[in-house]
1. When you look at Ser39, is it modelled with pLDDT of 85 or more, buried (at least 22 other Cβ atoms within 10 Å of the Cβ), under 15 Å from the mean Cα position of the chain (by Cα) and under 22 Å from Ala310 (Cα atoms), yes or no?
2. Is at least one residue of segment 106-125 touching an Asp or Glu at 6+ places or on another chain (Cβ under 7 Å), crowded, with 22+ Cβ neighbours inside 10 Å, of a type outside the set (Gly, Ala, Ser) and in a helix (DSSP H, G or I)?
3. Specify which of the listed residues (Ile179, Ile169, Ile187, Ile194) is over 30 Å from Leu332 (Cα atoms), of a type outside the set (Phe, Trp, Tyr) and assigned to a loop (DSSP other than H, G, I, E, B).
4. Scan segment 304-329 for residues that are assigned to a helix (DSSP H, G or I) and either closer than 24 Å to Gly192 by Cβ or among the basic types (Lys, Arg) (or both) and jot them down.
5. For segment 145-157, does any single residue satisfy the condition of being in contact with a helix residue (DSSP H, G or I) (Cβ under 6 Å, 6 or more places away or on another chain) and among the β-branched types (Val, Ile, Thr)?
6. Could you tell me which numbered condition Gln213 fails, if it satisfies all but one of (1) within 30 Å of Thr178 (Cα to Cα); (2) polar (S, T, N, Q); (3) in a helix (DSSP H, G or I); (4) touching a helix residue (DSSP H, G or I) at 6+ places or on another chain (Cβ under 7 Å)?
7. Quick one: would you say Leu59 is on the phi < 0 side of the Ramachandran plot, out of contact with any strand residue (DSSP E or B) (no Cβ under 7 Å at 6 or more places or on another chain), without any contact (Cβ under 8 Å) to a residue 60 or more places away in the chain and surrounded by fewer than 22 Cβ atoms within 10 Å (Cβ to Cβ)?
8. Of all residues being crowded, with 19+ Cβ neighbours inside 10 Å and farther than 19 Å from Phe154 by Cα in segment 214-238, which is modelled with the lowest pLDDT? Just the residue, please.
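The values are calculated or read from the model by the stated rules, or taken from the named source; none is laboratory data. Note that the structure is a prediction, hence the values are computed from the model and not measured. Heads up, the Cβs are rebuilt from the backbone with ideal geometry, glycines too, and the neighbour counts pull from every protein chain shown.
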Amino acid sequence: MSRSKGDRVPGWLKVLRVLGPGLITGASDDDPSGIGTYSQAGSQFGFGVLWTAIFTFPLMLAVQEACARIALHTGIGLGTSLRRKFPTWLVGTCILALFLANTINVGADLGAVAAAGSLLSRGHVSAVWLIPPIAVVILLLQYQLPYKIIFRLFKFLTIALFAYVATVIVSHPPLLKTIESTLIPHIEFSSGFIGIIVAILGTTISPYLFFWQASSEVDAMRAQGQVTEVSRRGVSEHELKNARVDVLVGMAFSQVVMYSIILTGAAVLHASGKTDIATAAQAAQALQPIAGPFAFILFSVGIIGTGLLAVPILSGSAAYAVKEFLGMRGTLADTARSRPAFYGVLTLALAGGLVISLVGIDPIKALVITAIINGIVAPPMLALIALLGRDRSVMGARRSGTLSNVVLWVTTGVMSVAALALLVTALIPR
């Protein structure tokens with residue numbers, strides 16, 4: 001990807017050229033855990049939650065644009081920027097929680113990819129036997145492949161998410177009902193409905209995405225030859241415009257996929273009385289007798305593709321956050337031999353997830369724990385990002401505008417309410 005000032009490719013080719021960190025971040029947001037959440041939402045509440053895809057779009061767009069802009073202007077990752085500006089104990093606590101949540105999420109996603117692989121084998125290969133080789137392959141890719149190849153592989157894996165758009169086409173949802181539910185919000189004052197709304201918010205606006213977006217922008221600048229912090233400082237209007245296009249396309253892509261999964265769950269599973277879906281693999285399995293083998297295969301392939309994208313990003317964002325906070329060096333562009341500490345943190349996150357997936361921990365309970373951690377961490381993290389993005393001493397002329405700042409604080413408020421609701425629904429017996 002190139003975002004240099006001299007890049008003047010016309011038309012749609014220009015859009016394709018600038019797509020990179022934003023597109024990959026958006027695609028990784030639809031990980032197998034997210035697919036499970038969206039499938040559960042559609043199967044349990046039908047078309048009534050379709051509006052959430054539109055509601056969350058401007059929120060996540062504002063957050064990821066701010067993270068990208070901060071990284072592009074300062075030339076450093078989000079963890080470093082936060083550490084330099086705010087109390088160490090506060091930033092450190094958030095990053096520790098992020099690492100724990102990411103590790104648990106890695107375990108859940110590894111299990112989901114293995115379960116989808118087992119489904120495609122018609123049960124001939126047990127999911128348990130697939131988990132270790134999947135983890136090893138992902139680790140070897142991160143250790144052995146050059147950064148440019150890893151980056152291209154991530155972009156290629158985003159194609160897998162089009163499987164969910166295709167699944168909608170074969171599921172034939174009712175047009176008028178779909179339009180009505182998309183544009184008119186439906187709200188139920190029940191613990192189950194509130195819980196799924198909170199889960200959707202936590203899945204679409206996850207702290208690990210903040211760090212991955214910023215670190216990816218810095219890595220892209222390094223790949224263009226800007227190897228020192230000083231050389232990366234400052235962002236031109238042209239570069240910022242390209243980054244915003246990238247983030248806009250990435251977040252829109254993420255929400256289209258989210259919308260497609262909820263719509264499939266509503267049109268196929270909920271309409272057929274299949275409301276007990278809890279995981280992405282269960283959704284894929286349930287589609288086969290109702291929507292046919294083609295929908296089943298598409299859904300399963302999508303789980304595998306997005307899992308292979310999300311797992312390294314989860315472990316990678318954990319490694320970036322920790323190394324930036326501790327002031328260590330290391331990126332995916334460096335070799336493991338030259339930066340053993342960075343790769344050690346990355347390996348620890350992946351190994352922890354592998355253990356979680358192998359010991360038989362209930363993936364739903366694991367994801368509830370992850371949602372609670374993310375729900376607690378997201379509001380203070382968003383508040384820090386909003387303050388940092390508005391700080392003239394850090395951002396200068398590139399600080400957040402009024403609209404961006406207002407949306408960031410609205411997002412912080414929404415996530416705070418969601419975190420409180422999540423704790424209430426988790427503590428109060430149903």
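1. Working: modelled with pLDDT of 85 or more: yes; buried (at least 22 other Cβ atoms within 10 Å of the Cβ): yes; under 15 Å from the mean Cα position of the chain (by Cα): no; under 22 Å from Ala310 (Cα atoms): yes.
Taking the combined requirement at face value, the residue does not satisfy it.
2. Applying the first criterion (touching an Asp or Glu at 6+ places or on another chain (Cβ under 7 Å)) to segment 106-125 yields 109.
So of that shortlist, the ones also crowded, with 22+ Cβ neighbours inside 10 Å come out as 109.
From the residues that got through so far, the ones that are of a type outside the set (Gly, Ala, Ser) too are 109.
Checking which are in a helix (DSSP H, G or I) leaves us with 109.
Checking segment 106-125: at least one residue is touching an Asp or Glu at 6+ places or on another chain (Cβ under 7 Å), crowded, with 22+ Cβ neighbours inside 10 Å, of a type outside the set (Gly, Ala, Ser) and in a helix (DSSP H, G or I).
3. Numbers: Ile179 fails: assigned to a loop (DSSP other than H, G, I, E, B); Ile169 fails: assigned to a loop (DSSP other than H, G, I, E, B); Ile194 fails: assigned to a loop (DSSP other than H, G, I, E, B).
Within the list Ile179, Ile169, Ile187, Ile194, the selection yields Ile187.
4. Step one: filter segment 304-329 for residues assigned to a helix (DSSP H, G or I), giving 304-326.
Passing the criteria: only Lys323.
5. no
6. Here Gln213 clears every test but (1).
7. Working: on the phi < 0 side of the Ramachandran plot: yes; out of contact with any strand residue (DSSP E or B) (no Cβ under 7 Å at 6 or more places or on another chain): yes; without any contact (Cβ under 8 Å) to a residue 60 or more places away in the chain: no; surrounded by fewer than 22 Cβ atoms within 10 Å (Cβ to Cβ): yes.
Spelling it out, it is not the case that Leu59 is on the phi < 0 side of the Ramachandran plot, out of contact with any strand residue (DSSP E or B) (no Cβ under 7 Å at 6 or more places or on another chain), without any contact (Cβ under 8 Å) to a residue 60 or more places away in the chain and surrounded by fewer than 22 Cβ atoms within 10 Å (Cβ to Cβ).
8. My answer is Val235.
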